[in-house]
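Everything on this sheet refers to the single structure shown next.
All of the numbers you see were taken from the coordinates with simple rules; none came from a lab. Remember, predicted model here, so these are calculated numbers, not experimental data. Here Cβ is always computed from backbone atoms with ideal geometry, including for glycine, and neighbour counts include all displayed protein chains.
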Ligand code: SF4
């Protein structure tokens with residue numbers, strides 16, 4: 001793993017037992033899409049997210065009844081060994097925020113500018129301070145104030161978020177995480193770069209409403225990749241329409257690709273006329289085999305010897321097609337030439353062996 005050398009020096013904020021910002025590793029977040037009042041479904045989905053590697057889970061709290069379920073959900077998660085900090089997503093109604101705080105929520109996402117007169121903001125700030133929980137504030141390109149419309153979008157996003165920050169600061173509240181969200185990649189990059197220069201609060205970054213899986217993976221990887229390498233991402237969400245577990249898998253793969261997390265790296269060639277076995281199905285099988293591995297392990301699956309020998313020797317474990325079958329590699333050495341079926345068995349054995357050895361280190 002590498003540390004980003006130019007990481008922005010943001011103020012650390014605690015969400016339950018997780019630190020966002022400062023020098024802490026970038027935190028992976030996702031959000032449930034169940035009805036929060038449906039405790040069984042919500043607990044089940046949060047558990048699936050935690051199992052996939054999610055470190056902070058946001059739940060929508062559209063009404064007071066949803067907020068009243070927070071305590072039970074947290075207790076169930078504790079009992080079922082899936083304790084994870086929960087963020088309540090609240091719009092407009094400060095009473096929902098107060099109830100969620102009362103129920104033990106770990107962070108609230110709310111914009112003080114949306115909740116009405118100052119006395120209501122004061123109440124939320126007071127409750128959050130008493131419980132020591134942070135507030136996430138921000139701006140979304142879909143709901144910018146009219147008087148900022150003359151500004152470039154990225155600047156308007158940053159300015160709108162800063163207005164929310166200033167309301168909290170006015171009331172002596174500094175336990176803040178900021179998000180500036182746009183569904184446009186370039187706007188996301190520019191807005192985050194802009195606000196990162198103006199304040200030291202940690203940044204929650206993601207392309208909002210990024211779409212279905214292909215669109216989201218491309219948009220999110222570009223925007224987040226750039227901003228992570230800029231050193232200004234403290235926590236991220238890859239928003240994908242559908243099962244939120246995909247968001248966590250994608251986030252982990254992105255951080256692993258940037259060497260910021262340990263994890264598997266399955267190298268596979270795109271195949272061509274030289275391919276001698278079904279590379280795609282082997283690569284998919286191997287990916288499944290190592291999906292939950294939290295160690296750095298590289299496995300190469302190449303259809304022929306053209307690049308197969310080099311990649312195989314560089315990998316922890318490798319397989320490459322040859323004239324009569326496959327060659328299998330282990331730590332840079334050729335273990336032998338096999339018929340395809342035997343070679344696949346050997347590959348799996350060697351993956352297990354490599355993982356055992358890594359555990360023992
Ligand atoms: Fe084709 Fe071999 Fe390259 Fe795979 S490794 S794409 S089979 S040349």
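Laid out as a table, the results:
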| read-out | value |
| --- | --- |
| Residue order, fewest to most beta carbons within 10 Å, for 235, 271 | 271, 235 |
| Choice from 134, 12, 270 with maximal GNM fluctuation in the chain (Cα, 10 Å cutoff) | 270 |
| Centre separation in Å (Cα based) which lies between segment 16-47 and segment 61-86 | 10 Å |
| Residue 340/residue 265 FRET efficiency (R0 22 Å; Cβ-Cβ; nearest 0.05) | 0.45 |
| Protection-proxy order for peptides 251-263, 300-312, each taking the mean of Cβ atoms within 10 Å per residue, highest first | 300-312, 251-263 |
| Relative intensity, log₁₀ I(q)/I(0), of segment 85-140 from a Debye sum that treats every alpha carbon as a point, q = 0.15, 0.26 Å⁻¹ | -0.33, -1.05 |
| Relative contact order of segment 212-361, defined on C-alpha pairs under 8 angstrom at six or more residues apart (%) | 14 percent |
| Highest-fluctuation residue, 220, 66, 281 considered, GNM on the chain with Cα pairs under 10 Å | 281 |
| At R0 = 56 Å, FRET efficiency that the Cβ-Cβ distance of residue 292 and residue 11 yields, to 0.05 | 0.95 |
| Residue 281 paired with residue 149, simple spin-label distance in nm, labels 7 Å along Cα-to-beta-carbon | 5.8 nm |
| Distance cut-off 17 Å, percentage of C-alpha pairs in segment 177-236 lying past it | 28 percent |
| Order of 56, 226 - criterion: other Cβ atoms within 10 Å of each residue's Cβ, fewest first | 226, 56 |
| Selected from 157, 148, 61 as most flexible by GNM, with the chain as the system and alpha-carbon contacts under 10 Å | 148 |
| Contact order normalised by residue count of the chain, Cα under 8 Å, 6+ apart, percent | 13 percent |
| Förster-model FRET efficiency, 30 Å R0, residue 274 and residue 243, C-beta, rounded to 0.05 | 0.25 |
